[in-house]
Structures are given as structure tokens and as C-alpha cells.
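Undergrad: Pasting a structure here, questions to come.
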Amino acid sequence: MPVSSGGIKPLWSFKCEDEIRGTPVLNQGSLYIGCYDNNLYTLNAADGKFQWKYPSDGGIVSRPSTHDNNIFFCSEDQRLHVVSARTGKVVWTYYTEGKIYSSPRIADGHVFFGSEDQDLHAVNVQTGRAVWKFSTDAPIHSTPLIYNEMIYFGTETGSFYALDFRGTLKWRFSAKRGITSSPIIKGQAVYFASLDGTLYALDAKSGWAIWKFRLGKGSISSPALADDYIFLGASDGFIYCVDTRTAKEVWRFKTDNQVSSSPAVFKDSVYCGSVDNHMYCLEYRTGRLRWKFETQGPVTGSPIVFDDIVYFGSTDHHVYALFA
């Protein structure tokens with residue numbers, strides 16, 4: 001079992017057959033995570049013991065979602081897969097015309113996700129039938145945000161869309177480069193980052209820019225919020241903390257390679273992975289390093305924290321559980 005440079009030993013680790021680039025989800029004591037060996041793995045969250053796996057025909061970077069005792073996940077095989085959370089048996093499958101990196105979001109009886117076929121898909125959560133599709137100008141890697149009966153997402157050419165639940169366009173904003181980052185919302189503002197090196201704050205109703213914050217380089221990291229602070233990574237190797245009220249930098253923390261992972265906030269800590277092979281734990285008000293844990297490959301997926309345990313995958317083929 002790998003041991004970190006900081007002397008932190010994992011609670012457990014589990015080895016898959018290929019790289020893990022995505023983010024796990026935890027549901028009723030089980031951890032679900034996709035892998036580039038094409039399988040969705042289900043592990044016991046307490047001890048990392050294997051429960052079952054479900055094979056798709058492509059790599060899985062999409063973060064699974066849970067609903068009604070089913071697991072929803074997307075794959076590079078162009079499909080949305082729905083399987084029983086308990087047994088791993090298929091419930092239904094939905095086909096698109098492109099690889100899927102976007103993660104499914106479930107609201108109001110619908111599953112929403114984007115595809116490389118340039119469509120945002122709305123699918124009936126029970127039947128797996130298409131309810132509507134919204135066609136855009138580019139592949140969609142961004143995971144949609146569902147809030148107040150609105151859907152917000154970006155595309156790989158830098159368009160950012162706001163739709164209602166009927167799939168009607170409410171407004172559109174253009175960044176200078178692609179938006180892989182998934183948006184978050186607080187109050188009247190929706191926040192996301194772009195490969196153009198900007199963190200944007202837009203008015204959620206109108207799409208007007210409230211403020212822009214310049215990052216050192218582009219970002220595919222999805223921002224996280226705590227209090228009035230936004231946390232995100234960028235390809236310049238920094239993890240940033242920005243005050244949403246002033247649009248000013250509070251702190252930045254330097255890692256040794258680009259940060260494509262999205263931060264997770266738990267209590268007073270920020271957890272974020274880096275392509276420098278480490279998972280970092282930072283004090284969220286100051287950016288001071290609490291600990292770092294070294295894996296044998298880039299950590300591109302995002303951690304989740306539950307009950308004082310951090311769960312994440314690494315491109316070294318392992319899933320890790322660490323004490324937060």
C-alpha cells in the first residue's frame with residue numbers, strides 16, 4: 001500500500017485495472033467510481049472491499065449520480081447507463097451520438113447531461129426516453145447546474161447557456177475559450193471558469209457579467225463555495241481562493257503541476273488534487289498546507305469528503321480513502 005511523503009497512511013486503497021480520472025459518489029455505505037478500464041466500480045466505503053463492477057464499452061470520467069436506488073453514469077461509449085445500486089444489473093441505457101464526459105444531473109423527473117454530439121440531453125428518469133435535446137455549437141464536457149428550474153452549462157467553444165426546464169434558451173454568454181468547468185450558483189450569481197484564464201461571475205437571470213477574475217492560465221476545474229469564498233484550480237498549478245463580494249484574490253497555493261481537479265470543502269479545509277501526483281489539504285481561510293498525500297500518478301479527478309474521510313481516485317489506478 002502506498003505511503004505518502006507526509007507520512008499519511010490511507011485508511012484503505014483499492015486497485016483498478018486502469019487510470020481513474022473521475023470523481024466518486026457515495027450512497028448508503030457504497031462508493032461508486034468510474035475507471036478507464038471501462039468499468040463502474042462499487043466498493044464498500046468503510047474498508048474498500050470490492051462489491052461489484054459494471055462494464056461499459058468506453059472509459060468513464062463522468063461522476064455517477066444516484067436516484068431511487070439506481071446509479072446513473074455516462075461513458076465514452078456514447079451512452080448513459082442506469083444500473084441497480086445494489087446488484088449492478090442494468091435498468092436502462094440511453095444512446096447519444098458522441099462520447100460523454102459530462103456528469104448526469106437529476107431533477108424533476110429528468111436526467112440532464114451534455115455530450116460530444118453537441119446536444120444537452122433531457123431524459124425521462126423512469127423510462128430512459130428522450131424528453132428533449134438542446135443543440136449547441138460545440139461538444140459539451142461541462143456538467144449542467146440545475147437551480148430554480150433553470151439549467152446552466154458551458155461548451156468547448158466558450159458558449160455558456162441558460163435554459164428553462166422545457167429546453168428553451170433564456171440567455172447565452174460567450175467566453176473567449178472553452179468552458180469545461182461546471183458552474184455553481186450563490187444568490188443571484190452563477191460562477192464558472194474558462195480555458196481563457198478567467199473566473200466569471202454572471203447574473204443568473206440575465207447573463208450579464210457581474211465581475212471577472214484573471215487566473216494565471218486556463219482552468220477546467222469546477223469552483224467550490226464556502227461562506228463568501230470561491231476555490232478553484234488552474235493549469236498554472238495554483239489553487240485559488242477568491243472573495244465573491246470583492247472579486248479579489250484571498251490567497252493562492254502553488255502545486256508543482258496543473259490543477260484540473262475541482263476542490264472540495266469540508267469543515268475548515270479545502271481538498272484538491274494536482275497533476276503533480278498529490279492530494280492537498282489546505283486551511284481554507286489562509287491557504288496554509290495542512291498535509292499532502294502522494295500517489296503514483298496525476299490526480300485529475302475531484303475528491304469527496306464524508307464523515308471525516310476523503311475519497312478520490314488517481315491515474316495510478318488506485319482509489320484512496322484518507323482521514324480528513
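Undergrad: Can you find a residue that is farther than 24 Å from Thr315 by Cα, free of Cβ contacts under 8 Å to residues at least 60 places away in the same chain and in a loop (DSSP other than H, G, I, E, B) anywhere in the stretch 231-243?
TA: no
Undergrad: Would you tally the residues in the stretch 289-315 being crowded, with 21+ Cβ neighbours inside 10 Å, out of contact with any Asp or Glu (no Cβ under 9 Å at 6 or more places or on another chain) and outside any strand (DSSP E or B)?
TA: 3
Undergrad: Shifting gears a bit: Has the stretch 38-47 got any residue that is touching an Asp or Glu at 6+ places or on another chain (Cβ under 9 Å), surrounded by 20 or more Cβ atoms within 10 Å (Cβ to Cβ) and in a strand (DSSP E or B)?
TA: yes
Undergrad: Consider the stretch 230-251. How many of its residues are more than 21 Å from Thr300 (Cβ to Cβ), of a type in the set (Ser, Thr, Tyr) and crowded, with 19+ Cβ neighbours inside 10 Å?
TA: So the count comes out to 1.
Undergrad: Is there a residue in the stretch 2-10 that is at pLDDT 95 or above and closer than 16 Å to Ala321 by Cβ?
TA: yes
Undergrad: Quick one: would you say Leu282 is in contact with a Ser or Thr (Cβ under 8 Å, 6 or more places away or on another chain), over 19 Å from Leu11 (Cβ atoms) and at pLDDT 95 or above?
TA: yes
Undergrad: Follow-up. Looking for something charged (D, E, K, R), modelled with pLDDT of 95 or more and crowded, with 16+ Cβ neighbours inside 10 Å - is there at least one such residue anywhere in the stretch 147-161?
TA: Among the residues of the stretch 147-161, at least one is charged (D, E, K, R), modelled with pLDDT of 95 or more and crowded, with 16+ Cβ neighbours inside 10 Å, which makes the answer yes.
Undergrad: Answer with yes or no whether Ser206 is part of a loop (DSSP other than H, G, I, E, B) and crowded, with 19+ Cβ neighbours inside 10 Å.
TA: no
Undergrad: Exactly one condition in (1) within 18 Å of the chain's Cα centre (by Cα); (2) under 23 Å from Pro303 (Cβ atoms); (3) outside any loop (DSSP other than H, G, I, E, B) is not met by Phe160; state its number.
TA: (2)
Undergrad: Which of the residues spanning the stretch 166-183 are crowded, with 18+ Cβ neighbours inside 10 Å and more than 17 Å from Ile140 (Cβ to Cβ)?
TA: The answer is none; no residue qualifies.
Undergrad: Please go through the stretch 248-283 and pick out each residue that is more than 14 Å from Phe312 (Cβ to Cβ) and part of a loop (DSSP other than H, G, I, E, B).
TA: Hits for the stretch 248-283 are Thr255, Asp256, Asn257, Gln258, Lys267, Asp268, Asp276.
Undergrad: Please verify whether the stretch 58-80 includes one or more residues that are hydrophobic (A, V, I, L, M, F, W, C) and surrounded by fewer than 21 Cβ atoms within 10 Å (Cβ to Cβ).
TA: Within the stretch 58-80, none of the residues are hydrophobic (A, V, I, L, M, F, W, C) and surrounded by fewer than 21 Cβ atoms within 10 Å (Cβ to Cβ).
The values are calculated or read from the model by the stated rules, or taken from the named source; none is laboratory data. Not measured: the values here are computed from a predicted model. As a convention, Cβ positions derive from the backbone with ideal geometry for all residues, glycine included, and neighbour counts pool all protein chains shown.
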